[in-house]
Amino acid sequence: MKASAVARANIALVKYWGKRDEERILPANGSISLTLDGFTTLTTVETGPRAPRDELILDGKARGTDTREFRETVSRFIGLVRHEAGMLDPVKIVSRNDFPTGAGLASSASGYAALACALNEALALGLDARELSILARRGSGSATRSVFGGFVEWVRGERGDGSDSHAVPLAGPDHWPAFRMVVCLTDTQEKKVKSRAGMASSVATSPFWGGWLRCVEADLEAVRHGVASRDFSLVGATAEANALKMHAVMMTTSPSLLYWNPRTVQILQAVREWREGGLECYFTMDAGPQVKILCIEDVSPEIRTRLSRLPHPPDVVEASPGEGVALTEKHLF
Ligand code: PMV
């Protein structure tokens, strides 16, 4: 059967960095994110005799299914789903991102959320939203959060089997429609060190790893509270500080993970200057050189004007709170 789903990227306000179980993708810490209204993945899957073997076409290009990367990622995920469904048929997947893949823009989050949702339908797995977020988590940790819209917490969980490590919606997209992320694209090449490998090496080698874990609970509590009370200063300041703590862990990993480029630093410094001058905005960053500026709707035009006047202006996409994953009749084949 054929099914299609659409999912959106999410950007963490309190980051997930490090696993307590590599195989089940169980995080060492909880995280909170915002699902965006742009940065969309549309995925169509088909199973059954019409698909001769597993196949992946991503952004119009057939991806090699005999590579190590495919075996360790998509193929592993399809294997899990097949096991759950008790079926052996091959799966054809066609997926399209409306933004650059693998550049620190959470394409794996929207990608695996859309894939899990489409497979749930095509294979009649009958998973509810919580179970779907557990399945998406097995593809990519952050995908667990893209199952829901708006502000979402991924609860760390305690159990070894991962059954209590899933996303919980904190506040839907209508709770705070004025919240904005101005995404600044400084370089859209695929990153050299993917999050999965990067975080494993941080856990193993960064001397700051323990410090990171000790800080996260307080950041989660602050952001939960800030979202519930729409306290922008609290959410923004906590998110910026949390991102810097994660990047301190990344930089002190061996070999060091430095995702910043000169344009990145230019924007980080500008955000701080603008804020000191009274324009309230904060930044966050993930495992890539893009900067996401957090602000409230009425100041975003001014931020965009100032970004365009920087010596090396980035491409900019503005996003508001968006919806969670959903099925669609818009099939890609
Ligand atoms: O889900 P992954 O393996 O792509 O890891 C995402 C890690 C960060 O984007 C850096 C942080 C986060 O919480 O999204």
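The values are calculated or read from the model by the stated rules, or taken from the named source; none is laboratory data. What you see is a predicted model, and the numbers here were worked out from it, not measured in a lab. Note that each Cβ is placed from the backbone with ideal geometry, even for glycine, and that neighbours are counted across all protein chains shown. The area values use the complete protein model at the heavy-atom level, side chains included, leaving out ligands, DNA and RNA. Shrake-Rupley method; radii C 1.70, N 1.55, O 1.52, S 1.80 Å.
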Practice problem: Mind running the shape call on the stretch 150-270? Use the C-alpha gyration tensor, a ≥ b ≥ c as the square roots of the eigenvalues: rounded below 1.5 for a/c, prolate if a/b tops b/c, oblate otherwise. | Solution: oblate
Practice problem: Keeping all protein chains in position, work out how much accessible area Lys15 exposes to a 1.4 Å probe, and write it in Å² to the nearest 10. | Solution: 0
Self-check item: For the chain: accessible area per residue (Å², 1.4 Å)
Solution: 41
Quiz item: Cross-link partners among aspartates and glutamates for Lys15, C-alpha distance below 15 Å, same-chain residues fewer than 8 apart left out?
Solution: Glu153, Glu217, Asp219, Glu221, Glu240, Asp286
Quiz item: Just the accessible area for Ser142, please: 1.4 Å probe, Å², rounded to the nearest 10?
Solution: 20
Exercise. Using only alpha carbon positions, build the gyration tensor of the stretch 15-167, then give the equivalent ellipsoid semi-axes as the square roots of 5 times its eigenvalues, largest first, whole angstrom.
Key: 24, 18, 14
Quiz item: Pulled fully out, how much extra length does the chain show between His175 and Asp128, if you take 0.36 nm times their separation in residues and subtract their Cα-Cα distance?
Solution: 14.6 nm
Quiz prompt | Rounded percent of accessible protein surface that carbon and sulfur make up, the chain, 1.4 Å probe | solution = 52
Quiz item: Is any residue of the stretch 283-297 close enough, with backbone N under 14 Å, to a label point placed 7 angstrom from the Cα of Gln189 along the Cα-Cβ axis, and if so, which?
Solution: 288-290
Exercise. Set the Förster distance to 51 Å, then compute FRET efficiency between Asp66 and Asp315 from the Cβ-Cβ distance, nearest 0.05.
Key: 0.90
Self-check item: Viscosity 1.567 mPa s, temperature 4 °C, Stokes-Einstein D of the chain from Kirkwood C-alpha radius, µm²/s
Solution: 65
Quiz item: What order do you get for 307-316, 265-274 when each peptide is scored by the mean count of other beta carbon atoms within 10 Å, highest first?
Solution: 265-274, 307-316
Quiz item: To the nearest 10 square angstrom, what accessible area does Arg138 show with a 1.4 Å probe?
Solution: 40
Self-check item: Cysteines without a disulfide-compatible partner [the chain; Cβ-Cβ under 4.7 Å]
Solution: Cys117, Cys184, Cys215
Quiz prompt | At R0 = 22 Å, FRET efficiency that the Cβ-Cβ distance of Ser163 and Glu22 yields, to 0.05 | solution = 0.80
